[in-house]
Amino acid sequence: MTRNWDRQELIIRTEWGLTIVGTRITFYYFMDYIHAGYPPESIRDKFNITDEQFSAAISYIEENRDEVEAEYQIVLKIAEENRKYWEERNQELFAKIAKMPPRPGREALWAKLQAQKAKHAALL
């Protein structure tokens with residue numbers, strides 16, 4: 001038997017933000033795809049949710065666009081700050097790893113990888 005959910009029962013606020021009940025899917029994931037211009041059906045299928053869940057989320061977003069958009073911008077800002085922090089923190093480690101020679105017996109694979117990287121860099 002399928003339960004007929006009230007739209008409000010499908011949306012809750014968790015420690016991660018506005019979320020679809022029974023999932024770990026926050027509205028911020030939806031916003032990424034909405035901003036990228038994905039069709040609604042693709043977004044629903046991407047997250048493997050029911051039509052009811054998707055409809056409730058999209059309706060909530062539309063009815064509370066300013067609030068959801070403001071929270072989304074905060075989430076994006078925090079994510080960018082975290083990315084920069086970890087990139088800076090690991091910069092020395094990444095440089096050290098990049099200078100390491102290939103493990104014994106992997107020289108041919110290493111050369112192939114370096115050739116691929118050079119080819120990719122030339123395309124940019």
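The values are calculated or read from the model by the stated rules, or taken from the named source; none is laboratory data. It should be emphasised that the depicted structure is a prediction, and the values quoted were computed from it without experimental measurement. Cβ sites come from the backbone with ideal geometry, for glycine too, and all protein chains shown count toward neighbours.
One line per residue, one yes/no per condition, for (1) among the charged types (D, E, K, R); (2) more than 30 Å from Ile12 (Cβ to Cβ):
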residue	(1), (2)
Arg65	yes, no
Glu92	yes, yes
Lys99	yes, yes
Pro102	no, yes
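Selection of first residues in segment 11-25 that are within 13 Å of Tyr60 (Cα to Cα) and of second residues that are part of a loop (DSSP other than H, G, I, E, B), restricted to Cβ pairs under 6 Å at least 6 apart or on distinct chains, gives the following pairs, ordered by first then second residue: Ile12/Val21. I'd like to check something: does segment 30-48 contain any residue that is of a type outside the set (Gly, Ala, Ser), outside any strand (DSSP E or B), modelled with pLDDT under 90 and in contact with a helix residue (DSSP H, G or I) (Cβ under 8 Å, 6 or more places away or on another chain)? Yes, segment 30-48 has at least one match.
Results for (1) part of a helix (DSSP H, G or I); (2) of a type in the set (S, T, N, Q); (3) over 30 Å from Thr26 (Cα atoms); (4) touching a Leu at 6+ places or on another chain (Cβ under 6 Å), shown as yes or no for each residue.
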{"residue": "Ala70", "(1), (2), (3), (4)": "yes, no, no, no"}
{"residue": "Lys77", "(1), (2), (3), (4)": "yes, no, no, no"}
{"residue": "Glu80", "(1), (2), (3), (4)": "yes, no, no, no"}
{"residue": "Tyr85", "(1), (2), (3), (4)": "yes, no, no, no"}
{"residue": "Pro102", "(1), (2), (3), (4)": "no, no, yes, no"}
{"residue": "Leu113", "(1), (2), (3), (4)": "yes, no, yes, no"}
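Put simply, of Ala122, Ala118, Ala57 the only residue that is at pLDDT 90 or above, within 30 Å of Ile12 (Cα to Cα), among the aliphatic types (A, V, I, L, M) and assigned to a helix (DSSP H, G or I) is Ala57. Criterion first (small (Gly, Ala, Ser) and within 30 Å of Trp110 (Cβ to Cβ)) does Ala56 satisfy it? Judged against the criteria, Ala56 is not a match.
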